[in-house]
Amino acid sequence: AAPYNHRAIEAKWRTNWEKKPVNVNDGKKLKYYCLDMFPYPSGNGLHVGHWRGYVISDVWSRYKMLQGYYLIHPMGWDAFGLPAENYAIKMGVHPAVSTAANIKNIKRQINDIAAIYDWDMEVNTTDPEFYKWTQWIFVKMFKEGLAYEKEFPINWCPSCKTGLANEEVVNGCCERCGTPVTKKNLRQWMLRITKYADRLLSDLDKLDWPEKVKKMQTDWIGKSYGAEVDFPVEGREEKITVYTTRPDTLHGATFMVLAPEHALAKSLATDETREAVEKYIFDASMKSNVDRLQDKEKTGVFTGTYAINPLNGEKLPIWLSDYVLADYGTGAIMCVPAHDDRDFEFAKKFDIPIIQVIAKDGKEIQNMTEAYTEASGTMINSGEWNGMESSVLKKEAPHIIEKLGIGRKTVNYKLRDWVFSRQRYWGEPIPIVHCPKCGAVPVPEDQLPLRLPEVESYQPTGTGESPLAAIDEWVNTTCPCCGAPAKRETNTMPQWAGSSWYFLRYVDNKNNKELVSKEKADKYLPVDMYIGGVEHAVLHLLYSRFYTKFLYDIGAIDFDEPFVKLFNQGMITGKNGIKMSKSKGNVISPDDLVNDYGCDSLRMYELFVGPPELDAEWDDRGIDGVSRFLKRFWNLALDSIEKDIPATKEMEKTRHKMVYDITSRLEAFSLNTVVSGFMEYTNKLIAIAKQNDGAVDKETIETVTILLAPFVPHIAEEIWEKLGHEDSIFHAQWPAHDEELMKDDEIEVPVQINGKTKAVISIPAEISKEDAIAEGKKAVADKISGNIIKEIYVPKKIINIVVK
Ligand code: ANZ
Ligand code: ZN
């Protein structure tokens, strides 16, 4: 047979597919939407690690096509964001220019994968025709009260004089210049994602997602039940409300701590403490969140003022400490050092009394050395509550507190509203006009998109405003409401804005009337399978669910979850598990491998390196094995086509077993074992061919070729053509197996004990020695007496059990 020439074959089919696309919508087929997390078009191009995800999604897509679906498999660009902006600051190249160049390069590389993307559906988040709808969603949210303004302490780099997103703070320092990051109160746009907390939590049940990701979202939303308790302040009118999940421990409170940012913090100081209190508040404001959350030694300052425990009238000193967060619960806590680790540490350090109120086995501990944090045991030192079981009291206490009129039961979430503004240039302008009379007024929907204007300098201004603030003719406008002179909002949206809804736009990307038409949304949405890295478990995947639910609520779409099924692929790493990156110099580019071995071999090898959900170390050498396998199959196929022999029983059986095995492994997403399955079965077919004039029947070759097509589309098309087909292999049907034909032939063998036949049993001809002996022993179990000293199976002839 002619040798396998990957270059010629791959070039030929690339041209053919371009001329005649294989994924066609005849209007009758069911749709299947397989989505990749769209990439950020970075200047570094793709490495073999990026290939993995795209190959996985392409294999799955082509498999679905062969099952008869019309495939929605789009690709686009998440192109706003920091790297393009930093590059602009450094090189003076407009982000749009560098982004366009990067897209061009990555698109070329993606084409090398032979992924079957529908480029007619392409979107780019920085295209005004796209971000028009990103802005439209914001306006809708604003009108529904979900977008609002708030003063908020954000990460602040005192050297770059700019606000930073959490992702831009690396180890407590500014990503750009390395200066330690502090906090600054800035007016921010917020999105009220907390309003959706309950639905985001309960609807996780509907999703066919990895349990790990569901758990991460559940923890991130962090729903907990507890109580708010109001503590009077000695000698003052105000009460301080604390949030606690452990109201059962109320008798054990020995002090109270407020976050330094708490509204009352400053005013609680007395003449003696004022200086120390103000210094503490100032110092805390200079600390980054990272520092505060890290478990360093506790710090704090006594305000000089006392609160009264509303349950028993005890006096509690009020302290300030930065281990209490301003934006969780009420920003104030009652401290029960006997039963909370942080409170225990604090009490020890500042010599505050510790009162145990829960006792395991009813015994009080002398000289506690650590907090007893379990909610099980008997209540002690707790007045009327003494003797109660603490786990029972924990549930009842919120009701008791409510009845006593000293507080109320609450549900609390860890989830915070979403800080949605960035003081940067390269993002979607927030479509709001600030009018001195009307306040914040949205840009009228028919005036969207509000285009990002050209600027001279991309450098942040230093005032905590975006570079847009420096463009007077853009900032100064008129109020859409009353016509008075007004100013535009100059903050831009975060990188996540476009990626929260882009998957809806693909299916109707040229619609200039709606975000997506009802008709197309009904036909093609939602996403059936979403494939991408696990690093997006909480942010992107939570934001997308929030946006989808919002769009559902305003009637823009008819479904309220975006991604039915989710698959997270593991990372491809360099040697010793080190992440591939340009700075580490361990990047392996696919370009040379494609040239030397071909796209088909590289695709298959990407899957062969390990279970797709796990990280895998890249080792070039393995690709040889895959490439040799393809050559072996090529030769077998061509010889078999030429000889055209009839099928034997064994060929038929092997074919059906293979269909069954490959399909079930594919369904289980066990793609690496699909590849090893191909290798095993091909070896088996080659062995069978050796006994049959060097060939197997054409139907077997045809079937295996279809099974291979999602993995190695070029070589599959070529063999398919040689088999005499005029239409593409991707219009063939995925084969089905026949249970009956898979079965091994049965043969009859005598079962002997010490050489005397005691039974004759029927067993599969290809049975293993162990299984044959086990079957034989079962058949003569009641006739065996004494110890078995030897078991013999002469294949297909006899089973003999030797006893003594
Ligand atoms: C008294 C108490 C006694 C508490 C005890 C715990 C154990 P989760 O489950 O995470 O919601 N807390 C409340 N607001 C806080 C804030 N802003 N910053 C830091 N800590 C805060 O945790 C709720 C518990 O964390 C609350 O219950 C409170 O301490 C603390 F034996 O109140 B607890
Ligand atoms: Zn106005």
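Looking at (1) more than 30 Å from ILE365 (Cβ to Cβ); (2) touching a helix residue (DSSP H, G or I) at 6+ places or on another chain (Cβ under 6 Å); (3) within 16 Å of ligand 1 (Cβ to nearest atom); (4) not charged (D, E, K, R), find the lone condition where ILE401 falls short.
Tallying (1) more than 30 Å from ILE365 (Cβ to Cβ); (2) touching a helix residue (DSSP H, G or I) at 6+ places or on another chain (Cβ under 6 Å); (3) within 16 Å of ligand 1 (Cβ to nearest atom); (4) not charged (D, E, K, R), ILE401 fails exactly one: (1).
Taking the conditions exactly as written (away from ligand 1 (no atom under 16 Å from the Cβ), of a type in the set (A, V, I, L, M) and touching a strand residue (DSSP E or B) at 6+ places or on another chain (Cβ under 9 Å)), does ALA470 satisfy them or not?
no
Which of the residues spanning segment 165-189 are in contact with a Phe, Trp or Tyr (Cβ under 7 Å, 6 or more places away or on another chain) and under 21 Å from GLY427 (Cβ atoms)?
VAL181, LYS184, LEU186, GLN188, TRP189
Give TYR87, TYR70 a once-over and let me know the one that is among the hydroxyl-bearing types (Ser, Thr, Tyr), in the same structural domain as TRP119 (by TED's automatic domain parsing) and at pLDDT below 90.
After applying the criteria, what remains is TYR87.
Pairs, please: C-beta under 7 Å, at least 6 apart or cross-chain, first residue touching a residue at least 12 places away in the same chain (Cβ under 8 Å) and β-branched (Val, Ile, Thr) and in segment 318-333, second in a loop (DSSP other than H, G, I, E, B) and near ligand 1 (Cβ under 7 Å from one of its atoms)?
Pairs that qualify, where the first residue is touching a residue at least 12 places away in the same chain (Cβ under 8 Å) and β-branched (Val, Ile, Thr) and the partner is in a loop (DSSP other than H, G, I, E, B) and near ligand 1 (Cβ under 7 Å from one of its atoms), are VAL324/ALA259; VAL324/GLY331; ILE333/VAL324.
Can you name the residue in segment 404-434 that is part of a strand (DSSP E or B) and within 16 Å of ligand 1 (Cβ to nearest atom) and is also surrounded by the fewest Cβ atoms within 10 Å (Cβ to Cβ) among such residues?
It comes out as VAL411.
What residue, of TYR681, TYR660, is of a type in the set (Ser, Thr, Tyr) and in contact (Cβ under 8 Å) with a residue 60 or more places away in the chain?
Every option except TYR660 fails the conditions.
Pick from GLY313, GLY329: which is in a loop (DSSP other than H, G, I, E, B), near ligand 1 (Cβ under 7 Å from one of its atoms), in the same structural domain as GLU278 (by TED's automatic domain parsing) and at positive phi?
Going through GLY313, GLY329 in turn, the sole match is GLY329.
On the given criteria, is SER390 more than 30 Å from ALA79 (Cα to Cα), of a type in the set (Gly, Ala, Ser), surrounded by 17 or more Cβ atoms within 10 Å (Cβ to Cβ) and within 13 Å of ligand 1 (Cβ to nearest atom)?
Yes.
Condition check ((1) outside any loop (DSSP other than H, G, I, E, B); (2) of a type in the set (Phe, Trp, Tyr); (3) over 30 Å from LEU542 (Cα atoms); (4) away from ligand 2 (no atom under 16 Å from the Cβ)) across all residues:
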{"site": "GLU454", "(1), (2), (3), (4)": "no, no, yes, yes"}
{"site": "SER457", "(1), (2), (3), (4)": "no, no, yes, yes"}
{"site": "GLU465", "(1), (2), (3), (4)": "no, no, no, yes"}
{"site": "TRP474", "(1), (2), (3), (4)": "yes, yes, yes, yes"}
{"site": "ARG505", "(1), (2), (3), (4)": "yes, no, no, yes"}
{"site": "VAL516", "(1), (2), (3), (4)": "no, no, no, yes"}
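Of the conditions (1) modelled with pLDDT under 95; (2) under 23 Å from VAL534 (Cα atoms); (3) in contact with a Pro (Cβ under 8 Å, 6 or more places away or on another chain), ILE110 fails just one. Which one is it?
Among (1) modelled with pLDDT under 95; (2) under 23 Å from VAL534 (Cα atoms); (3) in contact with a Pro (Cβ under 8 Å, 6 or more places away or on another chain), the lone unmet condition for ILE110 is (3).
Can you tell which of LYS437, LYS395 is away from ligand 1 (no atom under 16 Å from the Cβ), of a type in the set (Lys, Arg), surrounded by fewer than 16 Cβ atoms within 10 Å (Cβ to Cβ) and not assigned by TED's automatic domain parsing to the domain that holds TYR543?
LYS437
The values are calculated or read from the model by the stated rules, or taken from the named source; none is laboratory data. All values derive from a computational prediction rather than experimental measurement. A quick note on method: Cβ atoms are made from the backbone with ideal geometry, for glycine too, and the neighbour counts reach across all protein chains shown.
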